[in-house]
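Data first, discussion second: the structure below is written as structure tokens.
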Protein chains: 2
Amino acid sequence: MIKVNDNFGRLAPNYLFSEVARKIRIFQQENPEAHVIKMSIGDVTRPLCPAAVEALHRAADDQGLAETFRGYGPEQGYPFLAEKICQFDYAARGIDISPDEVFISDGAKSDLGNIGDIFSADCTAAITDPVYPVYVDTNVMTGRKIVFLPCTEANGMVPGLPTEPVDLIYLCYPNNPTGTTLTRAQLKVWVDYARKVGAVILFDSAYECFITEEDIPHSIYEIEEAKECAIEFRSFSKTAGFTGMRCGYTVIPHALKGVDSMGNEVSLNGLWRRRQTTKFNGASYPIQRAAEAIYTPSGQTQIRESVDYYLHNAAILRQGIGAAGLNFRGGINAPYVWVKTPEGLSSWEFFDLLLAQTHVACTPGVGFGLCGEGYVRLTAFNTLAATEMAMDRISKLTL
Amino acid sequence: MIKVNDNFGRLAPNYLFSEVARKIRIFQQENPEAHVIKMSIGDVTRPLCPAAVEALHRAADDQGLAETFRGYGPEQGYPFLAEKICQFDYAARGIDISPDEVFISDGAKSDLGNIGDIFSADCTAAITDPVYPVYVDTNVMTGRKIVFLPCTEANGMVPGLPTEPVDLIYLCYPNNPTGTTLTRAQLKVWVDYARKVGAVILFDSAYECFITEEDIPHSIYEIEEAKECAIEFRSFSKTAGFTGMRCGYTVIPHALKGVDSMGNEVSLNGLWRRRQTTKFNGASYPIQRAAEAIYTPSGQTQIRESVDYYLHNAAILRQGIGAAGLNFRGGINAPYVWVKTPEGLSSWEFFDLLLAQTHVACTPGVGFGLCGEGYVRLTAFNTLAATEMAMDRISKLTL
């Protein structure tokens, strides 16, 4: 019988969301009249913006005519989209990124999952705790050593620098699940550290569109030296409601180098290009056209409206959770609010209590890592009406 | 500086198609009046069928309304498509595959590239020569040992069983690049061998829609015992012109098992499900709806017309190449014709001669592996007019 990748046996069972769903299902069976509001939802609820819908229609027509039909496209994405990304997401913020430093894909999750292919299996990965489970699981699958960086009340959810050697550093800001951000000065500490020790930062900025405050960097490349030490992952999922469309991109500057076992300097941009041309065939043409449309004037207005809608929900969450006397972080430059459980209650105990008393479902923080124990996550992605109703119920919570 | 995956340094430079393009470009510069016909083309030329275009329009509208908007879908694909695949591609041929044995993705290339994740890096891969370069390159990237199985004039392009132990066996039938097929009896030899030695066959049937003859299996699961030893990769690229749309699927039967280092039996379906849920977020919803549409009565008629169009081109190729006095294989159940170069000419020499004399571009066989030396590949994917014109020119070839 064929030998399998043994590392899969070391993966923790991934039951967080299925367990949340199971508990809601049981509660609903026992309380058929209860109206459960899911503030655990990680998916968006607003439809695709009209500009993207129109572009999808045009692309459908393109595909139906021999003259405009597009078959295999460039594996790294079409220039029409890469150029818009460089112009709107980088040049507009004073950052010089060239289209051949941009790799368009079917989503940030794929890229974050596959990026490990280009690094040595001997590398050590530094990962914050609590965290989006994909960083952990994909490194376990490769058999990499993982160093966890605790984010706690004591450090204000801002991880300290690693105390042992690391090669890859996963940072996600604005953060999922804690909703915290790093200032320019705080992020520069990481860039300086990575350059000093020769590490590469894998910077997940899937939630950058929710940033409203001045001093919070939208891109790690706002720290100029980051081009020598950082890969940035971006997504259209939350920016433009592309969770079901599937499109994102990864930036790997030409200045970013690694070293092979012979001591030769190697371009990480070149390695990823080779990886993508070999194992990927480009993102869907109609989907890239829809993504391009969000960079039109009407597209920009429409996605701003959606982001503002979710930010308004986040403000309602902050107000409601605060009024209920609970401690929390996040919800300002992020769609997530990270709520401290009342004294003595574990993540799951507070989940149960909230569901029983208010019929509101949250996500237990311990599902994101050991340091998430004692917290729950609420999201701003439900409808305004549901968000308001949930906060009204929570205001009557008795602890 | 970070250590990179050293195996990337062992990849052969992938310059086949860029070298073909470079030579055509130079020829065109030196002969500006020449009309070059690309019979090297691997992409389809016919537009997406109307049924798929209409479905794409409907899905665009779905995405534009909150009531019908679809966000994150199942990582393994929507049941509406998996059920159609089971019904039309398997049950209709008497094969029982359940929807949870089907994994829908953004294309067969991604799945063929990523499938190695679930197997031990110690596994040895058996790969035919000549071959689609993705099988070779993805195994080199993982550092796997590769055993090549020569396909030559002597064995009629049908590889012999490996003479040393192997764990993974890549088979592609109808074959790219040789256009050859295996009969049911020939394929059963491989299934029996894999079961005997405990190997897994990775069966790429991306070209199954071109099969017209009775005794050629469309699926490896037409050999019943294959469920215990084979993974099948399918693509909508050539079947329905999805090269730019991006959709394919992989079948991993529940009966297929591997073993971990503790000697525990492990379900390969379960491992791939864990890989996909961790590193992939599902194929695009509108694209899955377009794929679903090809299983409607009108969709079936329309994709049959396209396949027949290309098969008609293939027949013209066979007729023309034969009339020119050249030896060849393929072009009956496949869109590829594998042409023996005239006595004494290498693949590239014949490429140059054909381009100079007839202004027809082909693909040098040596680009697909050492055993491809002395052959060139012609494809049936150009238009009927271009195919007829190319054969007319080749009929006047002087050797």
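The values are calculated or read from the model by the stated rules, or taken from the named source; none is laboratory data. This is a predicted model, so every value here is computed, not measured. Positions of Cβ are generated from backbone atoms using ideal geometry, with glycine treated the same way; all protein chains shown enter the neighbour counts. What goes into the accessible areas is simple: the full protein's heavy atoms, side chains included, and nothing from ligands, DNA or RNA. Shrake-Rupley method; radii C 1.70, N 1.55, O 1.52, S 1.80 Å.
Restricting to chain A, compute how many DSSP beta bridges are antiparallel as a %, nearest 5.
Working: 21 of 41 bridges.
Roughly 50 percent of the beta bridges in chain A run antiparallel, per DSSP.
What aspartates and glutamates does B:K257 reach when the alpha-carbon gap must be under 14 Å and sequence neighbours fewer than 8 apart in one chain are set aside?
A:D6, B:E101, B:D167, B:E225, B:E228, B:E265
To the nearest µm²/s, what D does Stokes-Einstein give for chain B at 25 °C and 0.890 mPa s, using the Kirkwood radius over alpha carbon pairs as Rh?
Working: Rh = 22.2 Å.
Estimated via Stokes-Einstein, D reaches 111 µm²/s.
Apply 1/(1 + (r/R0)^6) to the Cβ-Cβ distance of B:E265 and B:S98, taking R0 = 22 Å, and write down the FRET efficiency to the nearest 0.05. Write out the running numbers ahead of the final one.
Numbers: r = 20 Å, r/R0 = 0.90.
In this case the efficiency is close to 0.65.
Could you tell me which of rounded, prolate or oblate describes the range A:54-110, using a ≥ b ≥ c as the square roots of the eigenvalues of the alpha-carbon gyration tensor, with rounded for a/c under 1.5 and, failing that, prolate when a/b is larger than b/c and oblate otherwise? Each step should come with its number before you reach the end.
Working: a/c = 2.34, a/b = 1.93, b/c = 1.21.
Prolate is the answer for the range A:54-110, as a/c is 1.5 or above and a/b outweighs b/c.
Kindly give the distances from A:T212 to its copy-mates, label point to label point, with each label point 7 Å from Cα along Cα→Cβ, as nm values to one decimal ordered shortest first.
6.5
What whole-number value in Å² describes the accessible area per residue of the range B:68-180 for a 1.4 Å probe? Please list the in-between numbers first.
Working: 3530 Å² over 113 residues.
Here the residues of the range B:68-180 average 31 Å² of exposed surface.
Taking 2.2 N^0.38 Å as the expected size of a compact globular protein, what ratio does the Cα radius of gyration of the protein assembly as shown give against it, to two decimals?
Details: Rg = 27.3 Å, N = 798, 2.2 N^0.38 = 27.9 Å.
The protein assembly as shown yields a ratio of 0.98.
Most fluctuating residue of B:V158, B:V360, B:V44 in a GNM of chain B with Cα springs under 10 Å: which is it?
Looking only at B:V158, B:V360, B:V44, the largest GNM fluctuation is found for B:V158.
Indicate the residues belonging to the range B:249-271 that lose 40 Å² or more of solvent-accessible heavy-atom surface (probe 1.4 Å) upon moving from the chain alone to the assembly of all protein chains, ignoring ligands and nucleic acids.
Going by heavy-atom accessible area, the residues of the range B:249-271 that drop by at least 40 Å² are B:V259, B:L271.
Along the charge dipole of chain B, pointing to its positive end and built from +1/-1 on Cβ of Lys, Arg, Asp and Glu, which listed residue (B:Q29, B:P364, B:Y336) has its Cα farthest out?
My answer, from the dipole projection, is B:Q29.
How about the range B:1-34: which chymotrypsin sites (Phe, Trp or Tyr not before Pro) there are in a DSSP loop, with at most 12 other Cβ atoms within 10 Å of their Cβ? Kindly include the intermediate steps, with their values, before the conclusion.
Values: sites: B:F8, B:Y15, B:F17, B:F27; in loops: B:Y15.
Sites meeting the loop and neighbour criteria: B:Y15.
Between exposed GluC sites (Glu not before Pro) in chain B, where DSSP calls loop and at most 11 other Cβ atoms lie within 10 Å, what's the longest gap?
Between the exposed loop sites, the longest stretch runs B:68-212.
First check a/c for the range A:112-257, with a ≥ b ≥ c the square roots of the eigenvalues of its C-alpha gyration tensor; if it is under 1.5, answer rounded, and if not, answer prolate when a/b is larger than b/c or oblate otherwise.
Working: a/c = 1.27, a/b = 1.13, b/c = 1.13.
Because its axes are fairly even, with a/c under 1.5, the range A:112-257 counts as rounded.
If you take the accessible area of B alone plus A alone and subtract the pair, what total do you get in square angstrom, rounded to 100, with a 1.4 Å probe? Can you show the working numbers first?
On the way: alone 17620 and 17600 Å², together 28730 Å².
For B against A, buried area totals roughly 6500 Å².
Could you sort the residues of the range B:1-42 by number and keep only those whose accessible area is reduced by 40 Å² or more in the all-protein-chain setting relative to the chain alone, 1.4 Å probe?
B:M1, B:I2, B:K3, B:V4, B:N5, B:D6, B:F8
Name the residues of the range A:127-167 whose accessible area, probed at 1.4 Å, falls by at least 50 Å² once all protein chains are in place instead of their chain on its own?
A:M141
Starting from a Cα-only point model with no solvent, please compute log10 I(q)/I(0) by Debye for the range A:172-229 at q = 0.16, 0.30 1/Å.
-0.45, -1.32
Suppose every Lys and Arg Cβ carries +1 and every Asp and Glu Cβ carries -1, with no other charges. What dipole size does chain A come out with about its Cα centre, to the nearest 20 debye?
580
Using 0.36 nm per residue, how much length does the chain from B:V197 to B:D61 gain when fully extended, once their Cα-Cα distance is taken away?
On the way: separation 136, 0.36 × 136 = 48.96 nm, distance 5.18 nm.
Taking 0.36 nm per residue and subtracting the Cα distance, the gain is 43.8 nm.
Let me know the charge dipole size of the protein assembly as shown about its Cα centre in debye, to the nearest 20, where only the beta-carbon of Lys, Arg (+1) and Asp, Glu (-1) is charged. Walk me through the intermediate numbers first.
Values: 70 positive and 92 negative charges, 13 e Å.
In total the dipole reaches around 60 debye.
Distance between Cα centroids, the range A:83-152 to the range B:371-389: provide it in whole Å.
Result: 41 Å between the Cα centres.
Please provide three numbers in whole Å: the alpha-carbon extents of the range B:43-193 along the principal axes, with the largest listed first.
Result for the range B:43-193: principal-axis Cα extents of 59, 33, 32 Å.
Using a Förster radius of 25 Å, what is the FRET efficiency between B:E373 and B:T398 based on their Cβ-Cβ separation? Nearest 0.05, please.
Rounded to the nearest 0.05, the efficiency is 0.60.
With the dipole of chain B worked out from charges on the C-beta (+1 for Lys and Arg, -1 for Asp and Glu) around the Cα centre, which of B:T398, B:P174, B:C229 lies farthest toward the positive end?
The residue sitting most towards the positive pole is B:T398.
Using the structure shown, list the pairs from A:K3/B:K196; A:K38/A:K340; A:K238/A:K279 with a Cα-Cα distance above 23 Å, or answer none.
Exceeds cut-off: A:K238/A:K279.
Ordered shortest first, which distances in nm separate the 7 Å Cα→C-beta label point of A:G156 from those of the other copies?
Copy-to-copy label distances at A:G156, shortest first: 7.7 nm.
Describe numerically, in nm with one decimal, the distance between label points set 7 Å from Cα along Cα→Cβ at A:H35 and at A:T212.
2.7
Which value in deg cm²/dmol, rounded to the nearest 500, describes the helix-derived mean residue ellipticity at 222 nm for chain B, given -39,500 (n - 2.57) per DSSP H run of n ≥ 4 and division by the residue count?
Values: 12 runs with 142 residues, N = 399.
-11000 deg cm²/dmol, from helical runs alone.
Keeping the other protein chains in place, figure out the carbon and sulfur percent of the accessible area of the range A:256-399, with a 1.4 Å probe. Please list the in-between numbers first.
Values: 2820 of 5140 Å².
That fraction is 55 percent.
How many angstrom lie between the Cα centre of the range A:1-46 and the Cα centre of the range B:184-205?
After rounding, the separation between the Cα centres reads 38 Å.
Taking each label point as 7 Å beyond Cα in the direction of the beta carbon, state the distances from B:S98 to the same residue in the other copies, shortest first, in nm.
Spacings between copies for this position, smallest first, are 5.3 nm.
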